[in-house]
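Visitor: Sharing a structure, written as structure tokens. Questions coming.
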Amino acid sequence: RHPSRRMALESNPGTIKRILELLEGCLSPDASIRNSAEEKALELGRTHGSSMCLWQIALGTDIKTQLRLGAAIMLKNNVKRFWQPRGKFYISKEEKSHFKGVLMSPHCLGSKNLPMTVFRQLSVAAAKIARFDWPNRWEELFPTLLQAISDGNDTQITRGMYLLVEILHELVSRRLSLKAFQKSSSLILDFVQPAWMKTTQALLSAVKAGKGAEPEASKLAERSLQFLRCLHELAAHGIANLEQSKHAAPLFQAFLQISKLLLTPARTLPASHPLRKNIRSMLKIIASTMISTLKSHPLEFGEFLSPFTKFFAHSLTDAHANNGTWIFEDYTVQALSFLSAILTCPEYVKKFAGSGISMSRAGVIRADPKAAAKMQVILSQIFTPDFVTSLTKLLVENLLKLTPEYIQVWQSDPEEFCAIHHSEMRMDENARLAAEHLFLQVCRVFKNQ
């Protein structure tokens, strides 16, 4: 294929004008015009050189935002369909090289003239490119992106972190070879972990300062959330061995410390407070991270199991307000789910007498009887008869208590109550269902106590 045939469309004013007219047609309220334009748009995606034109429109500052967004969506779809050659349709090497360069440039990451709606679509496209090309054909991805974040202004840091999280999520969902991912994860953790700790400490100071520091605190909370979303993927999937990692212990200790400090304001701040939503999101991400890490590294997680189990169990004691309503129900669900994850973990079953056999995400079976024996001791020290008794009492007397609302619904229509309660509600969204599940697991594992 001759290079001139690859670039059938040249990025000139005439071509850009025709594509803009096509995008206008895709937005037309007239169904016949819109359907015709959409068919032509599909054909455009199969034309060599179209991606370069769409990229120019997406970044164009003098073009309507709706048209820029449409171009970004078409570009994203082109990447999904044709980044890897499909018959005679493909994206040229020249276009690929251009995309990768511009995606990491200040013009894309740091431009305030690029609407966030457009940037989100470009980020999805970048994540798909990473899925196809990293690490073999895009080895410089993470070093380049981290450098752009560390050297950038506020806009560049915000968008760079958004892009990083999008890429990490895509790579993890791909179930790629973990060796390359874990090697790069160490580099990312070296940057993100201290940045998150520093940002969160500044946030806590701003929270203590009171109302006058709320604008700065809101900004810090947003940034801390970005770092946390990145750490969620890295902690669960990016650390090869928790016991040997230099990152695991300080990271999980920080997770526990920050959770203890934020739980009270998360429950007591009024709904109108500008920080409540972000603080609650931070706590949910940390809890979700610990659940994912426990499931990914059950035997290695033993060192951190006891303090988190005690913390989550203790957090359940104040889950209700005086009127019986839940305080921060989402977090109560996470705490209950963490405890349930311990009692349903395959490596912990049979009353903590496992053989140490576990299976990796890649399907590799591993056996570590010594680790299993160590874990058995740890679990026996945590789930003492007194702890099991107090946990059961807490579940029955507090979390599973029938409220007046429950009783009213039950008395009016018992069958409907059961149908709604057990069919339409999800355990990961409803604290009572999560408490019921944990109660059943406690009864199953400790039936002789």
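Visitor: If contacts are Cα pairs under 8 angstrom and at least 6 residues apart, what is the relative contact order of the chain in percent?
Guide: On the way: 490 pairs, mean separation 40.7, N = 449.
The value is 9 percent.
Visitor: Okay, moving on. Nothing charged except the Cβ atoms of Lys and Arg (+1) and of Asp and Glu (-1): what's the magnitude of the dipole of the chain about its Cα centre? Round to the nearest 20 debye.
Guide: For the chain, the charge dipole is close to 1280 debye.
Visitor: Per residue, what accessible area does the stretch 8-134 have, given a 1.4 Å probe and all protein chains present, in Å²?
Guide: Here the per-residue accessible area is 48 Å².
Visitor: Turning to a different aspect of this structure: What order, most packed first, do the peptides 77-87, 209-219 have when packing is the mean number of other Cβ atoms within 10 Å of each residue?
Guide: Values: 77-87: 15.5, 209-219: 13.6.
Per-residue Cβ counts within 10 Å, averaged per peptide and sorted highest first, yield 77-87, 209-219.
Visitor: Another question about this same structure. Taking springs between alpha-carbon atoms closer than 10 angstrom, which of 133, 428, 413 fluctuates most in the Gaussian network model of the chain?
Guide: Comparing 133, 428, 413 in the GNM, the peak value goes to 413.
Visitor: If you don't mind, there's one more thing I want to ask. To the nearest 10 square angstrom, how much accessible area does residue 42 have with a 1.4 angstrom probe?
Guide: 90 Å²
Visitor: Additional query: Please get the size of the charge dipole for the stretch 17-109, origin at its Cα centre, with Cβ charges of +1 on Lys and Arg and -1 on Asp and Glu, quoted in debye to the nearest 20.
Guide: Details: 15 positive and 9 negative charges, 85 e Å.
Using Cβ point charges on Lys, Arg, Asp and Glu, the stretch 17-109 gives about 400 debye.
Visitor: I've got another one for you. Can you give me the solvent accessible area of residue 65 with a 1.4 Å probe, rounded to the nearest 10 Å²?
Guide: 70 Å²
Visitor: I would also like to ask the following. To the nearest Å, what is the center-to-center distance of the stretch 147-226 and the stretch 14-44, using C-alpha atoms only?
Guide: What the calculation gives is 39 Å, centre to centre.
Visitor: Can you tell me which aspartates and glutamates have their Cα less than 18 Å from the Cα of residue 447? Leave out same-chain residues fewer than eight positions away.
Guide: Here the aspartates and glutamates satisfying the reach criterion relative to residue 447 are 386, 436.
Visitor: Would you mind checking 295/374; 179/246; 295/401 for any pair whose Cα atoms are more than 27 angstrom apart?
Guide: Distance filter (> 27 Å) returns 295/401.
Visitor: Just to check I understand the Karplus step: with θ = phi - 60° and J = 6.51 cos²θ - 1.76 cosθ + 1.60, what whole-Hz values come out for the stretch 56-67, glycine and proline as x?
Guide: Karplus-based 3J(HN,Hα) across the stretch 56-67 equals 5, 5, 4, 8, x, 7, 9, 10, 4, 4, 4, 6 Hz.
Visitor: Using only alpha carbon pairs under 8 Å that are at least six residues apart, calculate the relative contact order of the stretch 8-134 and give it in whole percent.
Guide: Worked out over the stretch 8-134, it gives 24 percent.
Visitor: Setting aside same-chain residues fewer than 8 positions from residue 88, which aspartates and glutamates have a Cα under 17 Å from its Cα?
Guide: Here the aspartates and glutamates satisfying the reach criterion relative to residue 88 are 43.
Visitor: Residues of the stretch 185-287: accessible area per residue at 1.4 Å, in Å²?
Guide: 43 Å²
Visitor: Next question. Once R0 is set to 35 Å, what does the formula 1/(1 + (r/R0)^6) return for the Cβ-Cβ distance between residue 32 and residue 81, expressed as a FRET efficiency to the nearest 0.05?
Guide: So, using R0 = 35 Å, E works out to roughly 0.85.
Visitor: Let me ask you something else. What three numbers, in Å, describe the spread of the alpha carbons of the stretch 52-177 along their principal axes, ordered from the longest?
Guide: Computed over the stretch 52-177, the largest-to-smallest principal extents equal 36, 31, 24 Å.
Visitor: Can you order the peptides 245-253, 380-388 by their average number of other Cβ atoms within 10 Å per residue, highest first?
Guide: Highest mean packing first, the order is 245-253, 380-388.
Visitor: Please report the carbon-and-sulfur percent of the accessible area for the chain; probe 1.4 Å, protein heavy atoms only, DNA, RNA and ligands left out.
Guide: Accessible surface attributable to carbon and sulfur in the chain totals 53 percent.
Visitor: Continuing with the same structure: Looking only at 280, 68, 46, which one moves most when the chain is put into a Gaussian network model with springs between Cα atoms under 10 Å?
Guide: 46
Visitor: Only helical DSSP H runs with n ≥ 4 go in: add -39500 (n - 2.57) per run for the chain, normalise by residue count and round the 222 nm mean residue ellipticity to 500 deg cm²/dmol.
Guide: Working: 22 runs with 310 residues, N = 449.
For the chain, the value works out to -22500 deg cm²/dmol.
Visitor: Right, here's the next one. Expected output is a single nm value to one decimal: the length gained when fully extending between residue 116 and residue 40, i.e. 0.36 nm times separation in residues minus the C-alpha distance. What is it? Write out the running numbers ahead of the final one.
Guide: Values: separation 76, 0.36 × 76 = 27.36 nm, distance 2.69 nm.
That pair, residue 116 and residue 40, stretches by 24.7 nm at full extension.
Visitor: If r is the Cβ-Cβ distance from residue 97 to residue 243 and R0 is 45 Å, what FRET efficiency results, to the nearest 0.05? Before the final figure, lay out each step's value.
Guide: Numbers: r = 42 Å, r/R0 = 0.92.
FRET efficiency, residue 97 to residue 243: 0.60.
Visitor: Follow-up. Among all the lysines, which ones have a C-alpha under 17 Å from residue 211's C-alpha, if same-chain residues fewer than 8 places away are not counted?
Guide: By straight Cα distance, residue 211 reaches 219, 277.
The values are calculated or read from the model by the stated rules, or taken from the named source; none is laboratory data. Just so you know, these numbers come straight off a predicted model, no measurement behind them. Cβ sites come from the backbone with ideal geometry, for glycine too, and all protein chains shown count toward neighbours. We work out accessible area using only protein heavy atoms, side chains counted, and drop any ligands, DNA or RNA first. Shrake-Rupley method; radii C 1.70, N 1.55, O 1.52, S 1.80 Å.
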